[in-house]
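Down below is the structure, laid out as structure tokens.
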Amino acid sequence: MATVLYVTAHPFQDDSHSLRVGRHFIETYQEANPGDEVIHLDLYRMDLPQIDADLLRRWGQPASGSSFDELSEESKKKAVRMSEIVDQFMAADKIVIVNPVWNYSFPSILKMYLDAVLVPGKTFTRANNGLRGLSGLMGTQQGKKVMHIQASGTVLSHGKFEDVEFSHRYIKAAMNFLGIEDVRAIFVEGTSEHPDKVQNIMEQAIRQAVSAAKNF
């Protein structure tokens, strides 16, 4: 049995292009894999602490020990919650991320989630190769799969605006950094550029999601 994190980053709960395609994907996946556990993380409606000064000083440390005891009660709760979030990510086998594109990137709450799971000493560590920076680090999350479902009013995955597609490229780079090589994508794009083609764009994306879910 596999554990799947279904991560949605949208203020809406249903009526959006990305969420509609994501729902078709996850429902098809559950039908094809009834024994798997799917955990929905609705980022706008879950307890997702922001990394503040206290948490930053403790980044990568366990939620115990003398330094933990020195924190305020509020900071202790944040530290424990952040530890729960990264442990949940590490225990998952597959990740499905669903988001819109706003101003060339994804909603800031998704960045908060990614910051919570990219933790030194847990999801990545030193490579012990004597190098500094990214070259001296290595991910610990090999073997996972990621499906990224992204909606944008403009076509960004290819064409003249490809250079300002910062959302999927960031997520793919972050997952690769964690050692996850299997990062797939479904783009629901061009709905604002081509309002007369929205139905066709959605139908195509849903067909792609249904097909991809059966083999994810």
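The values are calculated or read from the model by the stated rules, or taken from the named source; none is laboratory data. On a predicted model such as this, the values are computed, not experimentally measured, just so you know. Every residue, glycine among them, receives a Cβ derived from its backbone with ideal geometry; neighbour counts consider all protein chains shown.
Among the residues in segment 162-173, are any outside any helix (DSSP H, G or I), surrounded by fewer than 20 Cβ atoms within 10 Å (Cβ to Cβ) and touching a residue at least 60 places away in the same chain (Cβ under 8 Å)? For segment 162-173, residues outside any helix (DSSP H, G or I), surrounded by fewer than 20 Cβ atoms within 10 Å (Cβ to Cβ) and touching a residue at least 60 places away in the same chain (Cβ under 8 Å): present. When segment 88-114 is filtered for residues that are out of contact with any Phe, Trp or Tyr (no Cβ under 7 Å at 6 or more places or on another chain), among the charged types (D, E, K, R) and touching a residue at least 12 places away in the same chain (Cβ under 8 Å), only ASP93 remains. For residues that are modelled with pLDDT of 95 or more and polar (S, T, N, Q), scanning just segment 153-191, find the one that is nearest to the chain's Cα centre (by Cα). Taking the candidates together, the pick is SER167.
Taking every residue in segment 200-211 that is under 9 Å from PHE25 (Cβ atoms) and touching a residue at least 60 places away in the same chain (Cβ under 8 Å) and pairing it with any residue that is crowded, with 17+ Cβ neighbours inside 10 Å and among the polar types (S, T, N, Q), at least 6 positions away or on another chain, the pairs with Cβ-Cβ distances below 6 Å are VAL210/THR28. Among residues belonging to segment 59-93 that are farther than 17 Å from ALA174 by Cα and hydrophobic (A, V, I, L, M, F, W, C), point out the one that is modelled with the highest pLDDT. Among residues in segment 59-93 that are farther than 17 Å from ALA174 by Cα and hydrophobic (A, V, I, L, M, F, W, C), the one modelled with the highest pLDDT is ALA91.
The set of residues in segment 79-116 being touching a helix residue (DSSP H, G or I) at 6+ places or on another chain (Cβ under 9 Å) and among the polar types (S, T, N, Q) consists of GLN88, ASN99, SER105.
When segment 181-198 is filtered for residues that are touching a strand residue (DSSP E or B) at 6+ places or on another chain (Cβ under 6 Å), touching a residue at least 60 places away in the same chain (Cβ under 8 Å) and either under 30 Å from LEU137 (Cα atoms) or not in a strand (DSSP E or B) (or both), only ILE186 remains.
Among the residues of segment 94-106, the one identified as modelled with pLDDT of 95 or more and either farther than 19 Å from VAL183 by Cβ or assigned to a helix (DSSP H, G or I) (or both) is TRP102. Quick one: is ILE149 touching a helix residue (DSSP H, G or I) at 6+ places or on another chain (Cβ under 8 Å), among the β-branched types (Val, Ile, Thr) and assigned to a helix (DSSP H, G or I)? In short, no.
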